[in-house]
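The values are calculated or read from the model by the stated rules, or taken from the named source; none is laboratory data. Since we're looking at a predicted model, the values are computed, not measured. Positions of Cβ are generated from backbone atoms using ideal geometry, with glycine treated the same way; all protein chains shown enter the neighbour counts.
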Amino acid sequence: MKYQKILFAILIASGINLFAQTGSINNTLGTGGSFIVKDGANNYLRVDQVTGNSVFLRNLELGNLDNSILGVGVITKNNKRFLHNYAPSGSEFNNLFIGLEAGNFTMGGGVATYQSSYNVGLGSNSLKSLSTGYSNTAVGSASLYSNTIGFDNAALGYCPLFKNIEGNYNTAIGNYALYENIGGSENTAMGYKTLFNNNSGYSNTAVGWSSLTNNVGGYRNTAVGHASMLQNSSGFYNTAVGEFALSSNSIGYGNCSIGAFTLGGATNSLNTALGYNAGANVTSGANLTLLGFDAQPSTGVAANEVVLGNGSIQVLRCNVQTITSLSDVRDKKNIKDLSIGLDFLMKVKPREFNWDRREWYENGISDGSKIQDQPTAGFIAQEFDSLQTTEHAEWLNLVLKNNPDKWEATYGNLLPVIVKAVQELKMENDQLRSEVDSFNSFKQQLAEIESLKEELVNEINLIKAASESASVKFSSIKD
């Protein structure tokens, strides 16, 4: 009797007037009996006396019910579906939907039985438009709301993958993640509004607040960090790790930006920046390699440069002391001997100086208060420029003037001139040595002549002495 009383209490609380309906309540209580609610031909409710199990053969309504909900095994709320596992006939079922209007009763069976199956929707309006999509998991209000045929997607949060229709293999975690995605596939978005505007882009990974939020068709990008790759639209094969890394790039490709604010203003392609704020002044520059804290190219539009560290670096350390560069004769034309050498080099002015960089001062103007105590040796870029202009040798490229506020010197380009100067000195030295050798030979010959002369004089003196002696003897005999 206790089951009957409980059931009566439930029915009364639900506002159902059983006795006003055409039907009956059968009480077959006893050994193995059941409590049954039916309309004569159809059973609606059965409570088993032995097991205590209740079987609802229609729907369970948590509010008002006007019989507009179709299907069997549905728990509704306020005349809207609330919990069900609907799947079309012919599918493999295994769906679960919890939340107002989660899932739907209009799913169509596909050509394969697994279609329209293995879906989980938790949250109001989750997977509301589902048709033949399968193996989708949507947790959160309006998650995967528009998805119809997309499969193997996972969405967690408020409105993630909201507009997805046919995209597959996407993972969206966070409110509005992949919100605009329609057909893009293989994307992973974790964080508020990550990949928000993505439409058809694929194989992107975005982690962090609004990372890749404006991406539309870009593909194979990786953005990790707050607002990383924020403005990317169609750029591809980019990697950005760090807050605001590569945040202004829209269409550039092949960039690698690691560190907060790295390449933050860059819009071109094939740049690499590693270290906090590295490449922050890059705009349209391309093919730049910037390594170290605040490493910046000569100018924001420069191309094809490698920069190691910022302006404070004083030592470059490596196990080898030279840089190897391309020098294959097959890649060179118009080869001839260098025309400038010693004369040019003699006009170069090696200088001793103390560094007093303008960037060390707040207003960029030196007052001498931060000048380095230790002097150093080197050259002056403006003097290099004047010399190569005067000598019509601008092709030496001794000065880099990409940034008019900071001229730079390329000392290494003097090496061929130095070698030529040494060769010229060697030739002059050889000539002088030849002349010295000739002079020494002449001196030796002169010494030999002097020796012969001395011997000759001695012989003459002996002859004269002998002659004088003979003359005396002759005079004595005569006398």
Reported set for segment 348-385 where residues are surrounded by 14 or more Cβ atoms within 10 Å (Cβ to Cβ) and over 38 Å from the mean Cα position of the chain (by Cα) is VAL348, GLU383
Being among the acidic types (Asp, Glu), touching a strand residue (DSSP E or B) at 6+ places or on another chain (Cβ under 7 Å) and at pLDDT 70 or above, is that true of even one residue in segment 80-101?
yes
Among the residues of segment 95-113, write down those that are loosely packed, with under 15 Cβ neighbours inside 10 Å and over 19 Å from SER146 (Cβ atoms).
VAL111, ALA112, THR113
For segment 255-274, enumerate the residues that are hydrophobic (A, V, I, L, M, F, W, C), touching a Ser or Thr at 6+ places or on another chain (Cβ under 9 Å) and more than 11 Å from GLY285 (Cβ to Cβ).
CYS256, ILE258, PHE261, LEU274
Could you grab the pairs with beta carbons closer than 9 Å, sequence gap of 6+ or different chains, first residue in segment 302-322 and of a type in the set (Val, Ile, Thr), second one at pLDDT below 95 and surrounded by 10 or more Cβ atoms within 10 Å (Cβ to Cβ)?
VAL307/SER298
Which pairs do you get when a residue that is free of Cβ contacts under 8 Å to residues at least 24 places away in the same chain, found in segment 353-382, comes within reach of a residue that is loosely packed, with under 10 Cβ neighbours inside 10 Å and hydrophobic (A, V, I, L, M, F, W, C), reach meaning Cβ atoms under 8 angstrom, with the pair 6+ apart or on two chains?
ARG358/ILE365
Answer residue from segment 115-131, given it is farther than 16 Å from SER141 by Cβ and buried (at least 24 other Cβ atoms within 10 Å of the Cβ) and is modelled with the lowest pLDDT among those:
SER116
Within segment 330-346, restricting to residues that are in contact (Cβ under 8 Å) with a residue 12 or more places away in the chain and assigned to a helix (DSSP H, G or I), the one that is surrounded by the most Cβ atoms within 10 Å (Cβ to Cβ) is PHE344
Is it true that some residue in segment 427-450 is within 60 Å of the chain's Cα centre (by Cα), surrounded by 11 or more Cβ atoms within 10 Å (Cβ to Cβ) and within 30 Å of VAL282 (Cα to Cα)?
no
State whether one or more residues within segment 318-329 are outside any loop (DSSP other than H, G, I, E, B) and either of a type in the set (A, V, I, L, M) or surrounded by fewer than 21 Cβ atoms within 10 Å (Cβ to Cβ) (or both).
yes
Among the candidates TYR176, TYR86, single out the residue that is touching a Lys or Arg at 6+ places or on another chain (Cβ under 8 Å) and buried (at least 18 other Cβ atoms within 10 Å of the Cβ).
TYR176
Return only the number of the condition from (1) at pLDDT below 95; (2) closer than 30 Å to ILE258 by Cβ; (3) surrounded by 14 or more Cβ atoms within 10 Å (Cβ to Cβ) that ILE313 does not satisfy.
(3)
